[in-house]
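Worksheet for the structure shown next.
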Amino acid sequence: MGTFIQLVIDGLSTGSIYAALALAIVLVNQATGLINFAQGGMAVLSAYIAWVLNGFGIPLLLAILAAVVISFFLGAVIERFLIRRFEGGDPDTAVVATIGLLTLITGLCAWIWTYNNRLFPSLFPLETVQIAGAVISVRSLGTIVVIVAIMLLLQALFLGTKLGLALRAVAINPASAAFSGVNVGRNLMVGWGLAAVLGAVAGVLVAPQLTLTPGMMDSALVYALAACILGGLSSPIGVVVAAWLIGVLENLAAVYVPFIGHDLKIAVPFILIFVVLIVRPQGLFGRKAVVRV
Amino acid sequence: MSTNRRRMRVASVVAGIGIVAVLAAGCARGGGSPDSTDEGGGAAASPGITDESITLGITTPLSGPTAGPGTCTVAGITAYFGARNAEGGVEFGDGNTRTVEIEALDDEYDPQKAKANYDQLKSSVFAMTAGLGTPTNRAWLDAAIADEVPQVLIMTGDPIFSNQEESPWQLGFVPIYQNEGEAFGELLAGSAEEHKVAILSQNDDYGEGYVEGFKTAIEGADNIEIVKELTYEATDTSVDAQLTELAGSGADVFFNAMSITPLVISSLQKAQELGWLPSWFLPSNTSSPTAILEPGGAAAFPGVYTVAFAQSAAAPTFAESEEGAAFLEQLNEYADYPDVPAFPHCVWSYQIGATLEEVFGNMTEPTRENFMAALRDVSGFTAPLMLEGSTVDTTEDGQPAVSTVQVQKYNGRGYAPAESWDE
């Protein structure tokens, strides 16, 4: 029983990091209708900013908060001066632009900080607590709590605030939104800024575990995209649940399904995706989009 | 376009990326394919060498996840020959003094790119050397044989490169994985106590080689029992589940045959979280004291052992020694590498530079054939920064240039030689 609980909590913790990135992708998608493949790279850049600030002697928590604020502006600036050139055109072109952005940011980080692994201090202590015979690290629990808090905030933002409503309106129909007096440009910038903030959170959560390198988020991004599709791109709660599901099922399948084992566990999320997409193309929690013609 | 269609399209893009990721995980092993032949050797001087200079080619990962060790492979040898060139050049056995130029290309640890890099370099360089990676080096093994281009002193522990019949134009530099695994096994088998061993290994030639060597050495030792054996993929972001499972085995010795730096750190941390405190065996390329053991909190374990043939630049005493200080200075000056390297590959490729200089000194003709003959005739050569007891010896078929390794035990700062388990 101890092992089982251990695997579940560890899975939730790993899943939470996928979830932070997935939430950022959902946010951009909800605000602009785009999938931002550069999200992982932006998260790494944010983590480097926090690391540099911390290196200047600024306490870790403050450094992270400062990095979060800087990331918001970076995200907004990227939207305003780069992505906006592609908005309103073919969405595929914009997707390719974000892939280019990913390569650019990764290259930039490598150029400035090299590919050497940098040690990033953890927000949470290395201590552990005992739960039902399992040894659970405070870090795992902390990661999970942070993600739950963010998920609830986001859900409240989209469903309970004017800004959230405006963000959704801009995504669904920019032209109509503009006619209704919504400032489309500003909302797009805010959407990207908020997404960059989420990426920053994901970055500082994962950096202590993987050490800071320019390619740190590459595999997490693949899982995050999987979570987006599985959970449904329109639902913050959906993607978090999906990311957790991926993390936990991966762990359990590796240990309890001999056929899969640790070697094949990377395939688990993708098998899940295929199954879900066949049954529910909009994802587990997504809404079917209906267009009146 | 309706939102639904857009979503479907996005879904298909993502699914496609997923498939690529799965394939990439499965295709860790590269295969070589015979390629068009190119007239390589000749009676006159071979390509890439004049009376004044010689050019060496390198293909190695300079970007992507393996870029850390990859950039280190270029930095070490560039530093070595940078310093030599500044002194006027390297003396060759044919009486000429030549400067040594390095041409390094990025293969991103991708076998296809490595092959393309080789094709680009083969007619302009004298020999290919120092590049890191088993699948990448294997990708152009056959082509190098067909073209008669030396592919020597490369950084892979795959035994195929040191087998003269299969690889007449090749020679590995670092000990084959089996040798390192065997050294651990011998140390443990010599212990007076009973031991239960848990093994976690990378699911490719690297991990298999280590485990194979270890098992060979403990064959017949009745005080050793392997209680649990698991694997992981080099693409995994977490091995927490494996550690949890292995901790349950109650092993007192853990052989972690892992090549991915962050995963070793998180393994050390995870084991402590689980309250599992075995003795550790770590491969030579993932046992850096400052880059891995300190952040992983390795001092909590009764013993952390590694095998090495070269000094660790990350050890606290390194910079205090004359050789170490010179190395760090040259690395900064000639290779633009200001940090103390966290990877051993910088030191290794520096030693490759020294080994090549030794070989150049014995070359009587500026040809690739003559170079290979001189290369296979180095014995008992002590390259700079070698640990006592290790030497470069290229005369034994089936073994790479360096085949003797020392088991070392972590002492909280750096490493000290470990003659036996119970000391």
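The values are calculated or read from the model by the stated rules, or taken from the named source; none is laboratory data. Being a predicted model, the structure only gives us computed values, none of them experimental. In this analysis, Cβ positions are derived from the backbone assuming ideal geometry, glycine residues included, and neighbour counts consider all displayed protein chains. Ligands, DNA and RNA are stripped out before the accessible areas are found, and what is left, the full protein with its side chains, is counted by its heavy atoms. Shrake-Rupley method; radii C 1.70, N 1.55, O 1.52, S 1.80 Å.
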Report, in listed order, any pair from B:Lys228/B:Lys270; A:Lys265/A:Lys288; B:Lys270/B:Lys409 with a Cα-Cα distance greater than 23 Å.
A:Lys265/A:Lys288
Carbon-plus-sulfur fraction of the accessible area of the range B:280-383, 1.4 Å probe, in percent?
46
P(r) histogram, all alpha-carbon pairs of the protein assembly as shown included - 10 Å bins from 0, percent
3, 14, 23, 23, 18, 12, 5, 1, 0
Rg and Dmax in Å for the range B:61-146, alpha carbons only: what are they?
14.2, 43
At the level of C-alpha centres, the distance separating the range A:68-109 and the range B:203-241, in angstrom, is 43
How large is the accessible surface per residue of the range B:55-120, computed with a 1.4 Å probe and reported in Å² as a whole number?
36
At q = 0.15, 0.24 Å⁻¹, work out log10 I(q)/I(0) for the range B:230-309 with the Debye formula, treating every Cα as an identical point scatterer and leaving solvent out; two decimals please.
-0.45, -1.25
What distance in nm separates the simple spin-label points at A:Tyr256 and A:Trp111, each placed 7 Å from Cα in the Cβ direction?
4.9
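Between A and B, buried accessible area summed over both sides at probe 1.4 Å, in Å² to the nearest 100?
Buried area (both sides, nearest 100 Å²): 4200 Å².
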Overall Cα dimensions of the range B:266-312 - principal axes, largest extent first, Å
33, 17, 13
Over the residues of the range A:71-216, compute the C-alpha Rg and express it relative to 2.2 N^0.38 Å.
1.30
Please compute the volume of the convex hull spanned by the alpha-carbon atoms of chain A and report it per residue in Å³.
140
Output the relative contact order of the range B:74-229, whole-number percent, from Cα pairs under 8 angstrom with separation of 6+ residues.
15
With θ taken as phi - 60° and the coefficients 6.51, -1.76 and 1.60, list the Karplus ³J(HN,Hα) couplings across the range B:290-303 in order, rounded to whole Hz; mark glycine and proline as x.
7, 7, 10, 5, 5, x, x, x, 5, 5, 6, 8, x, x
Chain B: spread of alpha-carbon positions along the three principal axes, whole Å, largest first, is 72, 65, 41
What is the packing order of peptides A:194-201, B:385-392, taking the mean over residues of other C-beta atoms within 10 Å and listing the highest first?
A:194-201, B:385-392
Treating the range B:235-377 as a set of equal point scatterers at the Cα positions, no solvent, please give the Debye-formula log₁₀ I(q)/I(0) at q = 0.10, 0.12, 0.20 Å⁻¹.
-0.48, -0.63, -1.12
Report relative contact order for chain A in percent, whole number only (criteria: Cα-Cα under 8 Å, sequence separation at least 6).
35
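Using a 10 Å cut-off around each Cβ of peptide B:182-195, what is the average number of partner chain Cβ atoms that fall inside?
Numbers: counts 0, 0, 0, 0, 0, 0, 0, 0, 0, 0, 0, 0, 0, 0.
Across the residues of B:182-195, the mean count of other-chain Cβ atoms within 10 Å is 0.
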Which percent, to the nearest 5, of DSSP beta bridges fully inside chain B are antiparallel?
25
What value, in deg cm²/dmol to 500, does the helix sum -39500 (n - 2.57) over DSSP H runs of n ≥ 4 give at 222 nm once divided by the residues of chain A?
-24500 deg cm²/dmol
With a/c under 1.5 counting as rounded, go ahead and sort the range B:192-281 into rounded, prolate or oblate using the C-alpha gyration tensor (a ≥ b ≥ c being the square roots of the eigenvalues; past the cut-off, prolate if a/b is larger than b/c, else oblate).
oblate
Run through every distinct alpha carbon pair of the range A:27-154 and return the Kirkwood hydrodynamic radius in angstroms, one decimal place.
17.0
Quick one: what are the phi-derived ³J(HN,Hα) couplings along the range A:117-127, Karplus 6.51/-1.76/1.60 with θ = phi - 60°, whole Hz, x for glycine and proline?
5, 9, 7, 10, x, 8, 5, 10, x, 7, 6
antiparallel share of DSSP beta bridges within the range B:266-423, to nearest 5, in %, is 75
Ignoring ligands, DNA and RNA, how do A:Trp111, A:Trp192 rank by accessible area with a 1.4 Å probe, largest first?
A:Trp111, A:Trp192
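Please state the shape class of the range B:331-423: rounded when a/c is under 1.5, otherwise prolate if a/b exceeds b/c and oblate if not, all from the C-alpha gyration tensor.
Oblate, because a/c is 1.5 or more while a/b does not exceed b/c.
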Quick one: what are the phi-derived ³J(HN,Hα) couplings along the range A:266-283, Karplus 6.51/-1.76/1.60 with θ = phi - 60°, whole Hz, x for glycine and proline?
5, 6, 4, x, 6, 5, 4, 4, 4, 4, 5, 5, 6, 7, 9, x, 8, x
Label-to-label distance, nm, for residues given as B:Glu369 and A:Asp92 (7 Å Cα→Cβ offset)
5.6
Return the long-range amide H neighbours of B:Ile226 (sequence gap of 5 or more, or a different chain), with a cut-off of under 5 Å between placed amide H atoms.
B:Val197
Given the -39500 (n - 2.57) contribution per DSSP H run of 4+ residues, what per-residue ellipticity at 222 nm results for chain B, rounded to the nearest 500 deg cm²/dmol?
-11500 deg cm²/dmol
Mean separation of Cα contacts under 8 Å (6+ apart) over length of chain B, as relative contact order %
19
Which order, highest average first, do A:68-80, B:217-229 follow once you tally other Cβ atoms within 10 Å for each residue and take the mean per peptide?
A:68-80, B:217-229
